[in-house]
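Written below as structure tokens is the structure these notes are about.
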Amino acid sequence: MTAEDLENNGWIRTSRDGAVLTVTLDRADQLNAQTPATWNALAAVGDSLDDDVRVVVVRGEGRSFSAGLDRSLFSAERSTDGGLGELGHMSAEDAQERIRTYQRGFRWLRSPSVVSVAAVQGHAIGAGAQLALACDLRVFADDAQLRLPEATLGLVPDLTGTSTLMELVGYSRAMEICLTGRAVKAAEAQAIGLANAVVPAADLDATVADLVAAITAAPVAASRATAALVRSAVRNDPEQQDAAERAAQVRRLHELVGRG
């Protein structure tokens, strides 16, 4: 891709290796700062998934995963696409619909057919943190730190971050991280369940590759059914989850004996 092509595509590029799709934020000179074009491009990637994709790896080029919003979006001018000024002057209904379209760029990362893995180095701030949180799994380099500073800026996290953070670390920890906007560094991220692993920065890509290989080693139908059960366990009560497990296992057994 040329620089112009990258900009037109929200600084998102993709590559495919069999069942693994890698999505790269490629704006290293701006620490992979995001714009509405980024979110639209991410949503388009989600819309284009085919059934052969089993794992999606999300990464950032250069020394940071993503430092959050492009600075231009903090403009009070109505003419800045997706900027605070433009959204603030819209009707409540129109502004919420616009933000809903932005959220689509994040929510698909928990699509039923795929497992998503964020490879996080350097800064993951604001929208960058929420992109990492949107993934099923996160591998942190030892220099990584995650921050949700929106409240300190007079805003709120609005790119699906509150629900995913709550799932990972629980109510009181999520409340504290969101309200203070403090940095959660790699070691703490692993201790509280934000990071599945923390490795030296030089080992990040290899560690992610090993994790992806382990995920794709399982039969695809069993892997997807298991992932669906883990996701439903977040919201189901025990009785509902027990029933979901029974139903999923019977489907697997029927397929294994040729009754599927």
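Nothing in this text is a laboratory measurement; each read-out follows from the coordinates by a stated rule. Since the structure is predicted, the reported quantities are computational estimates derived from the model, not experimental observations. So basically every Cβ, Gly included, is an ideal-geometry build from the backbone, and we count neighbours across all protein chains shown.
Points to keep in mind about this one:
- Most fluctuating residue given options Ser91, Ser72, Ser223, as computed from a GNM of the chain linking Cα atoms under 10 Å: Ser91
- About its Cα centre, segment 1-126 has a charge dipole of approximately 480 debye under the convention of +1 per Lys or Arg Cβ and -1 per Asp or Glu Cβ, with nothing else charged.
- Magnitude of the charge dipole, segment 3-217, Cβ model with Lys/Arg +1 and Asp/Glu -1, debye to 20: 520 debye
- Positive-end residue of Leu146, Thr162, Leu69, charge dipole of the chain with Cβ unit charges: Thr162
- Rounded Å value of the spacing that divides the Cα centres of segment 177-211 and segment 109-151: 9 Å
- Calculated FRET efficiency, Ser15 to Ala218, Cβ-Cβ distance, R0 = 25 Å: about 0.60 to the nearest 0.05.
- Full extension of the chain between Ser111 and Ala76 gives 9.1 nm of extra length, using 0.36 nm per residue less the Cα-Cα distance.
- Length gained when the stretch Ser48-Asp158 is fully extended (0.36 nm per residue, less Cα-Cα span): 37.2 nm
- Segment 1-153: C-alpha pair distances exceeding 27 Å, %: 20 percent
- Cα lying deepest toward the dipole's positive end in the chain, options Asn40, Trp108, Thr226, charges on Cβ: Thr226
- Cα long-axis angle, helix 238-256 against the chain (0 to 90 degrees, to the nearest 10): 60 degrees
- Dipole magnitude of segment 184-260, debye to nearest 20 (Cβ charges: Lys/Arg +1, Asp/Glu -1, about Cα centre): 340 debye
- Peptides 14-27, 227-240 ranked from most to least packed give 14-27, 227-240, packing being the mean of other C-beta atoms within 10 angstrom over each peptide's residues.
- Remark: relative contact order (the chain) = 15 percent; criterion is Cα-Cα distance under 8 angstrom and separation of 6 or more residues.
- Computed [θ] at 222 nm, deg cm²/dmol, the chain (DSSP H ≥ 4; -39,500 (n - 2.57); rounded to nearest 500): -14000 deg cm²/dmol
- Mean separation of Cα pairs under 8 Å and 6 or more residues apart, divided by the residue count, gives segment 70-125 a relative contact order of 15 percent.
- Dipole of the chain computed with +1 at Lys/Arg Cβ and -1 at Asp/Glu Cβ about the Cα centre; of Leu194, Ser15, Ala127, farthest Cα towards the positive end is Leu194.
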